[in-house]
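Asker: The structure's right below; bear with me while I get my questions together.
The values are calculated or read from the model by the stated rules, or taken from the named source; none is laboratory data. Treat the numbers as computed from the prediction; the structure is a model and nothing was measured. A quick note on method: Cβ atoms are made from the backbone with ideal geometry, for glycine too, and the neighbour counts reach across all protein chains shown. In case anyone asks, the SASA skips ligands and DNA or RNA and just uses the protein heavy atoms, side chains included. Shrake-Rupley method; radii C 1.70, N 1.55, O 1.52, S 1.80 Å.
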Amino acid sequence: MISANLSAIFYLVSGILFILALRGLSSPETSRQGNLFGILGMIIAITVTFLTVGNFSTSTIYVFIFLLIGGAIGAFIAFKIPMTAMPELVAGFHSLVGLAAVFVAISAFKNPEAFNLGVPGDIKLASLIEMSIGAAVGAITFSGSIIAFLKLRGIMSGSPITFTGQHIVNLLIGISIFVLIYFLCSSQSESFFWSMIAISFLIGVLLIIPIGGADMPVVISMLNSYSGWAAAGIGFTLENTALIITGALVGSSGAILSYIMCKGMNRSFFSVILGGFGGDSSVSKDKKKDQKPVKSGNAEDAAFLLKNASSVIIVPGYGMAVAQAQHALREMVDTLKKNDIKVSYAVHPVAGRMPGHMNVLLAEANVPYDEVFELDDINNDFANTDVAFVIGANDVTNPVAKTDPQSPIFGMPVLDVEKCKSVLFVKRSLSPGYAGVDNELFYRENTMMLFADAKKMTEDIVKNI
Amino acid sequence: MEIDPFIFRFSIFILAIFVGYYVVWSVTPSLHTPLMSVTNAISSVIIVGAIIAALAGSSENIFEISSIFGFLAIVLAAVNIFGGFLVTQRMLQMYKKKKKNK
């Protein structure tokens, strides 16, 4: 048993260790050490909690058993999960944090004495508000993340689900949460507590269904942020510094990532959240039927072009993740490097389905991270490059974003792929990308389309070099 | 006049948001995926609440409603803590190998 003051100091220490864990991520060299700080912070927080409660009864054994069950499941998932499934995994983990927040709030509501919050039926007003907010945000995080998970996993279609009056319905439900919290506080009645949680689950679902597949980077970041705010809400209820600090860190981290992702698409946060983008946008569909000529080639042609280049930039996108082509790609690059060809990679901020998605896949395929460049760092190099090899990316290379103010993607920062001497575009068909916009690049003189599965095409090119 | 302890906690909260803001901007974009998985792991420090709830059950009645939810929350948070930190470590390991190859 240790005093409340001492345990508060330890919670502060673990909060600081969590800050250092995030700080470590500023460069790959310090990142592993940062992760260890995070683990240490967690061990301190858990140990201190045991010592503070100081009641080593049979319950303690059960706590350890459940801790180990959860831990074993978590460890199993962490080792088994393929890197291409990271977006789903992160969405799934967010849902667990959300649900855990709901459960802790329920425990606190049912047994407030354990947390020094008063007695059932007479919980301190501030605590009641804090735990309601924690529970509501937690519930939204949970159900929203489940929908995001189902969409990313492909169990649910990635296309937006919309209905008339959707935003009004959502708004009314949102308001009703606050009304219920108000009644809960004035009456302390359990039924308001349960209905508030139920409605929060519902709104979580409704918020995420209208958002389409390629907007998932924003959704995941946003849910990341929510899980932080839920933790902070519970932290206020429990008067726990570690939890408050962590909640604030995670909340602002998710918010910043959402902002970076929105900026990468040149769209406002609200237009993403309101959803409906990338549905069947029929506007541009008819007028482009005039069959512009397209140059298509096969693996031999591509190999010839690549072999004779002196510099190549690879532009990966979500299609590379789907086809699991990263290893084949790396093999191709190795072969090119043996022929003294300079190769680098250009990663657009919103390539893939979550922030940093492409970087992880390339890292998995042993691509050195100093060969991978962000949009701003490499965009000027396209002009002095012989071949751009676009694999699985589409909208992020579309020159229309710079030229046509009518286009829905106008103003989005794009990679200046068209400035290369020639462009190889690996894609299954000429279909437009997520934004529903035809890619002008397909019809350029210097573009050669390679119609095939990304992985198969890359392997064929390797054989032909 | 005494200051409500809530205000102190609120100050910590606001300051931590600022710390988070500056720290996260300095994270290199190529590590954004590990950032998400590690924030996931650390937000599971919510497990401290779950442990308090779970230990609150009396010795005759270990499983009452509030402690059952505590135990469930422990399982969920533990999945996240172990899963989150380990998968982050696994990812960061891949980034690390690079420099040596070169």
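Asker: Along the Cα→Cβ direction, 7 angstrom out, place labels at A:K456 and A:A4. What is the inter-label distance in nm?
Answerer: 6.8
Asker: Based on the Cα gyration tensor of the stretch A:139-284, what are the three equivalent ellipsoid semi-axes, each the root of five times an eigenvalue, rounded to whole Å and given largest first? Display every interim value, and only then the final one.
Answerer: Details: eigenvalues 161, 82, 31 Å².
With the √(5λ) rule applied to the stretch A:139-284, the semi-axes are 28, 20, 13 Å.
Asker: Taking 10 °C and 1.306 mPa s as the conditions, I'd like the Stokes-Einstein D for the stretch A:61-208 in µm²/s, using the Kirkwood hydrodynamic radius from alpha carbon pairs.
Answerer: Values: Rh = 17.0 Å.
Estimated diffusion coefficient is 93 µm²/s.
Asker: Something else now. Structure shown: which of A:K151/A:K263; A:K151/A:K463; A:K151/A:K295; A:K307/A:K427; A:K295/A:K456 lie over 28 Å apart, alpha-carbon to alpha-carbon? Walk me through the intermediate numbers first.
Answerer: Numbers: A:K151/A:K263 23 Å; A:K151/A:K463 36 Å; A:K151/A:K295 34 Å; A:K307/A:K427 21 Å; A:K295/A:K456 20 Å.
As for pairs spanning more than 28 Å Cα to Cα, those are A:K151/A:K463; A:K151/A:K295.
Asker: In addition: Would you be so kind as to identify which of A:F66, A:G212, A:V272 lies farthest towards the positive end of the dipole of chain A, taking Lys and Arg as +1 and Asp and Glu as -1 on Cβ and the Cα centre as origin?
Answerer: A:G212
Asker: What dipole magnitude, in Debye to the nearest 20, does the protein assembly as shown give about its Cα centre under +1 on Lys/Arg Cβ and -1 on Asp/Glu Cβ? It would help to have the intermediate numbers written out before the result.
Answerer: Details: 38 positive and 38 negative charges, 253 e Å.
Charge dipole of the protein assembly as shown: 1220 debye, to the nearest 20.
Asker: For chain A, what is the calculated [θ] at 222 nm in deg cm²/dmol (nearest 500), taking -39500 (n - 2.57) for each run of four or more DSSP H residues and dividing by its residue count?
Answerer: It comes out at -20000 deg cm²/dmol, rounded to the nearest 500.
Asker: Around A:F373, which amide H atoms from residues at least 5 apart in sequence, or from another chain, sit under 5 Å from its own amide H, with H modelled in the peptide plane?
Answerer: For A:F373, the qualifying residues are A:Y345, A:A346, A:V347.
Asker: Also, I was wondering about something else. Taking only C-alpha pairs under 8 Å that are 6+ residues apart, what is the relative contact order of chain A in percent? Don't skip to the answer; put the middle values down first.
Answerer: On the way: 802 pairs, mean separation 63.5, N = 465.
Over chain A, the number comes to 14 percent.
Asker: Also: Using θ = phi - 60° and the Karplus curve 6.51 cos²θ - 1.76 cosθ + 1.60, what whole-Hz ³J(HN,Hα) does each residue of the stretch A:453-460 get, with Gly and Pro shown as x?
Answerer: The phi angles translate into 5, 4, 5, 5, 4, 4, 4, 5 Hz.
Asker: Got a sec to turn the phi values of the stretch A:393-399 into Karplus ³J(HN,Hα) couplings, 6.51 cos²θ - 1.76 cosθ + 1.60 with θ = phi - 60°, whole Hz, x for Gly and Pro?
Answerer: 9, 8, 3, 6, 10, 6, x
Asker: Using Cα pairs closer than 8 Å and at least 6 residues apart in sequence, work out the relative contact order for the stretch A:123-254, in percent.
Answerer: With pairs under 8 Å counted, the relative contact order is 37 percent.
Asker: Using the per-residue mean of other Cβ atoms lying within 10 Å as a proxy for protection, in what order, highest first, do the peptides A:383-392, A:305-314 fall? Intermediate values should be presented prior to the final figure.
Answerer: On the way: A:383-392: 22.5, A:305-314: 19.3.
Answer by packing, highest mean first, reads A:383-392, A:305-314.
Asker: In chain B, what percent of the accessible surface is made up of carbon and sulfur (1.4 Å probe, ligands and nucleic acids excluded)?
Answerer: Values: 2900 of 4190 Å².
Carbon-and-sulfur percentage of accessible area, whole number: 69.
Asker: Further question: If one takes the longest principal axis of the Cα atoms in chain A, at what angle in degrees, from 0 to 90 and to the nearest 10, does the Cα axis of helix A:190-208 lie?
Answerer: 0
Asker: Also, I was wondering about something else. Can you work out the base-10 log of I(q)/I(0) for the protein assembly as shown at q = 0.05, 0.08, 0.09, 0.11 1/Å, using the Debye formula on its C-alpha atoms alone?
Answerer: -0.23, -0.56, -0.69, -0.95
Asker: How high is the relative contact order of the stretch A:292-367? Use alpha-carbon pairs under 8 Å, at least six apart in sequence, and give a whole percent. Display every interim value, and only then the final one.
Answerer: Numbers: 63 pairs, mean separation 27.7, N = 76.
The normalised contact order for the stretch A:292-367 reaches 37 percent.
Asker: Can I ask one more? Farthest toward the dipole's positive end in the stretch A:344-455, which of A:P408, A:C420, A:V347, given Cβ charges of +1 (Lys, Arg) and -1 (Asp, Glu) about the Cα centre?
Answerer: The residue sitting most towards the positive pole is A:P408.
Asker: Additional query: Using θ = phi - 60° and the Karplus relation 6.51 cos²θ - 1.76 cosθ + 1.60, list the HN-Hα couplings for the stretch A:148-164 in order, rounded to whole Hz, with x at every Gly or Pro.
Answerer: Those phi angles translate into 4, 4, 4, 5, 5, 6, x, 6, 10, 4, x, 7, x, 10, 10, 8, 5 Hz.
Asker: Using amide H atoms built in the peptide plane, which far-off residues or other-chain residues are under 5 Å from A:K295 H to H?
Answerer: It is A:M449, by chain and number.
Asker: Compare the Cα positions of A:Q166, B:A78, A:S189 along the charge dipole of the protein assembly as shown (+1 at Cβ of Lys, Arg; -1 at Cβ of Asp, Glu; about the Cα centre) and return the one farthest towards the positive end.
Answerer: Of the listed residues, the answer is B:A78.
Asker: What shape does the stretch B:1-60 take by its C-alpha gyration tensor, where a ≥ b ≥ c are the square roots of the eigenvalues and a/c under 1.5 counts as rounded, a/b above b/c as prolate, and the rest as oblate? Write out the running numbers ahead of the final one.
Answerer: Working: a/c = 8.19, a/b = 1.31, b/c = 6.24.
It is oblate, given that a/c is not under 1.5 and a/b is not larger than b/c.
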